[in-house]
Amino acid sequence: MATQEQSGAGIPARRNLANAIRALAMDAVQQANSGHPGMPMGMADIAEVLWNDFIKHNPGNPRWPNRDRFVLSNGHGSMLLYAVAHLTGYPLGMEEIRNFRQLGSRTAGHPERDLDIGIETTTGPLGQGIANAVGMALAEKILAARFNRPDFPIVDHHTYVFLGDGCMMEGISHEVCSLAGTLGLGKLICLYDDNGISIDGEVGGWFSDDTPARFRAYGWQVIPDVDGHDPAAIHEAISAARKNPDQPALICCKTIIGYGAPNLQGSEATHGAPLGAEEIAAARRALNWSAPPFEIPQDIAAAWDAREAGIRHEREWQAVMDAYSKAWPDLAEEYRRRLNEDLPQDWAAHADAAIQAAVDEAASVATRKASLGALNALAGKLPELIGGSADLTGSNLTRHSASVPVSAEAADGNYLFFGVREFGMAAILNGLRLHGGFIPYGGTFLTFADYARNALRMAALIELQNILVFTHDSIGLGEDGPTHQPIEHVASLQLMPNMCVWRPCDAVETMVAWRDAIERRDGPTSLILTRQSLPHQQRTAEQVAQIGCGGYVLHGSGDPDLILMATGSEVATAMDAAKLLESAGHSIRVVSMPSVSLFLQQDAAYREAVLPCAVTRRIAVEAGATGLWYRLTGFEGKVIGMDCFGESAPAAQLFEKYGFTAEQVAEVAAQMLG
């Protein structure tokens, strides 16, 4: 590996090492006829210093717990990360570099997560990478406070970020960087690609912020005006950032986009398009790079190879871990359990008991309050459960009895006050999960799910566990009016692939929903909860067991004349409507459908048992958008819902105005029954 000096005996000059990144980037983008060569070429010198002088990692074991984390927030420059992964010794062969952006390759245009080749996470949506990194740095700080003991720093690593002007312009960067400064995340080090260029050209016409002043105001350590093409200056800046344990660091690196392409460098022309064969040939001459495309000279490959150093790093840490295990065996066992994502051994019995307690209590309660009850019942068994609210703690009811706030001075906690930062909150939760050791959750009003949506989408896409507590779920919140009354939001979340959506009707379904969300490890869960109280529904043990299937028969036996299906607050309405219809001599089945997404995953036999194909008289009742319900009602059925915005009025008046009383539902059913 290279050292701080420019070169040494048998070691190529640092610029030559950086040029290996530039060559692979421009050649791969050219071959794909698609991609972003400008950033990898502009940040190559920074990457070379960071990886060869500072980053602690092991290409032979990419999942080593105490590795430094790296996040490429300007993820369009993915060829930089692929080049470094290949050069440092991860199992990413040159054939994969050749297949950049091609079907089936591991080298995507905007990679999400592939730990086996050293990719913690990168983001196509700009700004979310720095947000994920805040979550990672927060995870490191909390775990260190919880598990480290004198002379045993088993959790001790940095989180490094590359980010550009686009990340700085996205509003989420303000949300999360403000919070990072408040929480004193001193092991978060961000290297800003300050090249003054975005897709539309020179950014001065639309981005004239004093960025160093902005970050100083957040409470960050700022190192401005670093020559991003001077290895010694870069090394000095990173060293200075690492010496400050109390503040996150922003290193402003002045760079030239597309560095090395003599006719195009410094221009937006290098941002998102191949350089072209002639310009690449000119760049090779300017960089004094004579190797053919996709070939790395042996001396340069040897200087980059980090496998031996990685083994040494991990062995040094393992020696500390072994001694820690002897001195603190219970803590060591708990640390391993959390990193392995294993639930406690008695988890199943504990969760079963909590569900049975909700059955026995038979309480009429708002499901947001039932959610707090679930947290109180389950959180004590799960020290890895960490969460908070976007300035709505008293409304979302996310602070359970075992909650301990996290602060800069006291990091050994499990509750986060996110402030009014819905998008930032969701992306930070993703970062906590990406780091490992935590099951994250966060709360806000359902109507503000739109603010957080792209972070929810990234969680679903990357298959990250993330639990979203969305309260005030319908016109039932009343007087706050249509701005706060979600209409399309449940359906919108259901449309998102790999998003599990629950809208429980009482405390029992809410407890089951929480259990499912905690046990689901391959994607996010949205819990849709009411402000208003809902009545308890009586169930048999078999019905309680079937809640986890997403939909089940709550009322009615035999062959029904008509099926009423509903979720959340409308289940009680459907039950009351069924009684009215049955008093008129009809046989009615009521299906509670707390999770349509889970119900649709059940086998055909179960779905048929709940919704027999022969019964075409079906009505779905939900105070939200109607369109998706026709999957279950069929076009011969009816949907009582809302395809308009609400109004400001007491909830009872609104439910009557929009047709959600038992009498109104029964009337629609009676018309269908003829």
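Brief remarks on what is shown
- Under a model in which nothing but the beta-carbon of Lys, Arg (+1) and Asp, Glu (-1) is charged, the stretch 556-674 shows a dipole of about 180 debye around its Cα centre.
- The apolar share of the surface of the chain, taken as the fraction of accessible area on carbon and sulfur atoms (1.4 Å probe, ligands and nucleic acids excluded), comes to 49 percent.
- Scalar couplings 3J(HN,Hα) for the stretch 655-661, obtained by applying the Karplus form with A = 6.51, B = -1.76, C = 1.60 to θ = phi - 60°, are 4, 6, 4, 9, x, 10, 8 Hz; x denotes Gly and Pro.
- Per residue solvent-accessible surface (Å²) - the chain, probe of 1.4 Å: 37 Å²
- With respect to the chain, whose longest principal axis is taken over its alpha-carbon atoms, helix 347-361 is tilted by about 30°.
- The trypsin sites (Lys or Arg not before Pro) of the stretch 35-82 that meet both conditions, a loop assignment by DSSP and at most 10 other Cβ atoms within 10 Å of the site Cβ, are 63.
- The simple spin-label model puts a point 7 Å past each Cα toward its Cβ; for residue 657 and residue 281 those points are separated by 7.3 nm.
- C-alpha long axis of helix 38-49 to longest principal axis of the chain, angle in °: 70 degrees
- Computed Kirkwood radius, in angstrom, where 1/r is averaged over Cα pairs of the stretch 522-635: 14.7 Å
- Values of log10 I(q)/I(0), in the order q = 0.19 Å⁻¹, for the stretch 267-342 under a Debye, Cα-only, solvent-free model: -0.92
- In the chain, lysine pairs closer than 28 Å at Cα, eight or more apart or cross-chain: 20
- For semi-axes √(5λ) of the Cα gyration tensor in Å, computed directly from the structure shown, the correct entry in [x] 54, 34, 22; [y] 51, 27, 22; [z] 42, 35, 27 is [y].
- When the charge dipole of the chain is built from unit charges on Cβ atoms (+1 for Lys and Arg, -1 for Asp and Glu) and taken about the Cα centre, the candidate among 390, 616, 92 whose Cα reaches farthest toward its positive end is 92.
- Each Lys or Arg adds one and each Asp or Glu subtracts one; over the other residues with Cβ under 12 Å from the Cβ of residue 217, this totals 0.
- Local electrostatic count, residue 580, Cβ distance below 13 Å [Lys/Arg +1, Asp/Glu -1]: -3
- Label-to-label distance, nm, for residues given as residue 648 and residue 636 (7 Å Cα→Cβ offset): 4.6 nm
- For the stretch 393-471, the share of alpha carbon pairs falling in successive 5 Å distance bins from zero is 3, 15, 26, 27, 18, 9, 1 percent.
- Rounded to the nearest 20 debye, the dipole size of the chain about its Cα centre is 580 debye, using +1 on the Cβ of Lys and Arg and -1 on the Cβ of Asp and Glu.
- Counted by Cβ distance under 9 Å from residue 263, the other residues give a net charge of -2, where Lys and Arg count +1 and Asp and Glu count -1.
- Inter-probe distance in nm under a simple model that places probes 7 Å from Cα toward Cβ, at residue 216 and residue 609: 6.9 nm
- Cα centroid separation - the stretch 14-47 against the stretch 515-531, whole Å: 41 Å
- Inter-centroid distance (Cα atoms) of the stretch 320-337 relative to the stretch 368-405, Å: 28 Å
- Spatial separation of Cα centroids for the stretch 596-673 and the stretch 122-187, in angstrom: 44 Å
- Difference of contour (0.36 nm per residue) and Cα-Cα distance, residue 263 to residue 156: 34.1 nm
- Here residue 115 and residue 316 are evaluated by their C-beta separation; at R0 = 25 Å the FRET efficiency comes out at 0.70.
- Net lengthening on full extension, residue 95/residue 357 (0.36 nm per residue, minus Cα-Cα): 88.6 nm
- Note on residue 174: accessible area approximately 100 square angstrom, rounded to 10, probe 1.4 Å, nucleic acids and ligands left out.
- FRET efficiency for residue 672 and residue 103, using Cβ-Cβ distance with R0 set to 60 Å, rounded to 0.05: 0.80
- The stretch 87-198 shape via C-alpha gyration tensor axes, a/c threshold 1.5: oblate
- Added length on full extension, which subtracts the Cα-Cα distance from 0.36 nm per residue, residue 559 to residue 288: 89.4 nm
- Volume of the Cα convex hull of the stretch 200-338, divided per residue and given in Å³: 216 Å³
- Across all Cα atoms of the stretch 577-656, the radius of gyration (one decimal) and Dmax (whole number) stand at 14.7, 44 Å.
- Ellipsoid equivalent to the stretch 268-399 - semi-axes via the Cα gyration tensor, in Å: 55, 29, 12
- Computed from the C-beta positions of residue 323 and residue 417 and an R0 of 30 Å, the FRET efficiency is 0.25 to the nearest 0.05.
- Span per principal axis, largest first, for the Cα atoms of the stretch 1-133 (Å): 42, 35, 26
The values are calculated or read from the model by the stated rules, or taken from the named source; none is laboratory data. As the structure is a computational prediction, the values presented were derived from the model and not from experiment. Cβ atoms come from the backbone with ideal geometry, glycine included; neighbour counts cover every protein chain shown. For the accessible areas, the whole protein counts, side chains as well, though only heavy atoms, and no ligand, DNA or RNA atoms are used. Shrake-Rupley method; radii C 1.70, N 1.55, O 1.52, S 1.80 Å.
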